[in-house]
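Take a look at the structure below.
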Amino acid sequence: MNKLLADLVRLLELERLEHNLFRGESRDIGSPQVFGGQVLGQALKAACGTVEDRQVHSLHAYFLRRGDFNAPIVYEVDRSRDGKGFTNRRVVAIQHGQQIFHMSASFQVEDDGPDHQVVAPDVTPPERLPDMTAEERKHLDRMPAERRRFWSLERPFEYRSVEPVEPGGPRPGVRHLWFRLIDRCPDDPVLHRCLLAYMSDYHLLETATLPHGLSFSSGDVMLASIDHGMWFHRPLRVDEWLLYALVSPSSSGSRGLAFGRIFDRQGRLVASTAQEGLMRTRS
């Protein structure tokens with residue numbers, strides 16, 4: 001396995017301290033605080049560590065404080081309910097004696113029922129698109145030091161943007177991104193869902209900046225996640241190409257809202273996301 005990917009997988013392998021208590025390492029990904037996707041993925045992994053014979057189908061989380069990537073994070077799991085068909089868990093992430101995040105997650109036994117979905121967007125396939133990181137690095141000289149460092153670091157996954165990544169004027173708050181891990185990872189459905197939770201936090205809120213002609217990479221807007229919702233619909237693999245179809249229906253009160261639908265190459269809707277975050281322009 002690629003070393004960068006192996007490190008990401010290891011990041012999600014939490015240490016069990018007690019029956020419902022876990023500890024996870026932190027990583028510096030080039031942002032001033034712990035990446036929200038890391039906390040999301042680790043919290044989901046902690047919840048999954050207390051559930052057997054059923055898969056997570058939804059989660060709802062709030063980011064309360066900035067995390068410190070120089071320190072580990074402790075995850076306390078509350079076994080809220082173990083029912084016949086559904087299980088619910090509440091996870092609190094603690095760092096330096098304070099809550100920085102909490103999440104509720106629901107799990108369900110495998111069940112059959114009516115099945116329908118929206119049609120996947122007809123967009124350019126990933127093989128015909130440039131690597132997004134390479135495109136962003138063409139503009140490193142225009143970025144503030146914080147964003148320059150973020151885009152300079154290597155990562156164990158790749159994104160390819162259907163729309164151009166260059167900063168421009170206002171445009172509709174709609175975006176399409178292909179993404180996948182750069183190498184194969186173990187055939188573990190729990191791991192793939194935790195990895196998808198991790199990766200889903202990238203680029204989602206940025207969609208809300210598009211109607212205003214703002215660019216997060218250029219440093220003219222500050223973004224910070226407030227909450228994150230996620231629904232898992234069908235089996236998935238994050239080491240195969242997935243399409244992230246993003247739309248931002250609103251921004252107001254210094255908050256931006258974005259929704260995402262995640263499709264596989266066969267056009268199956270495998271997951272949906274929603275996120276609201278702080279969005280303030282910098283003078």
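Shown for HIS139, HIS228: other C-beta atoms within 10 Å of each C-beta, ranked fewest to most, produce the order HIS139, HIS228.
Cβ crowding within 10 Å, taken as a proxy for footprinting-reagent exposure, orders LEU14, LEU205 from fewest neighbours to most as LEU14, LEU205. Counted over all Cα-Cα pairs of the range 1-137, pairs farther apart than 26 Å make up 39 percent. Compared with the dominant principal axis of the Cα atoms in the chain, helix 189-200 is inclined by about 30°.
Summing +1 for each Lys or Arg and -1 for each Asp or Glu, what net charge is found among the other residues whose Cβ lies under 12 Å from the Cβ of LEU4? Local net charge: 0.
The Cα atoms of the range 99-166 cover 53, 42, 19 Å along the three principal axes, with the biggest extent listed first. Per-residue Cβ neighbour counts within 10 Å put LYS84, LYS3 in the sequence LYS84, LYS3, beginning with the fewest.
Which residues make up the longest stretch of the chain clear of GluC sites (Glu not before Pro) that lie in a DSSP loop with no more than 14 other Cβ atoms within 10 Å, not counting the sites? Result for the longest clean stretch: 155-239.
Our note on the geometry: Cα centres of the range 169-212 and the range 1-79, 17 Å apart. Our helix-only sum for the chain, with -39,500 (n - 2.57) per DSSP H run of n ≥ 4 divided by its residues, gives a mean residue ellipticity at 222 nm of -5000 deg cm²/dmol. All Cα-Cα separations within the range 184-272 were binned at 5 Å from zero, giving a P(r) of 3, 13, 24, 21, 15, 12, 8, 4, 1, each value a whole percent of the pairs. The convex hull defined by the C-alpha atoms of the chain has an orientation-averaged projected area of 15.2 nm². Where Lys and Arg each count +1 and Asp and Glu each count -1, what net charge lies around PRO126 among other residues with Cβ under 15 Å from its Cβ? Overall, the nearby charge balance is -3. Students often forget the sequence filter, so: which lysines lie under 22 Å Cα-Cα from LYS3 once same-chain residues fewer than 8 apart are removed? Those lysines meeting the cut-off are LYS45.
Read the figures in this text as sums done on the coordinates, not as results from a lab. The structure displayed is predicted, hence computed values, not measured ones. All Cβ positions, glycine included, derive from the backbone under ideal geometry; neighbour counts span all protein chains shown.
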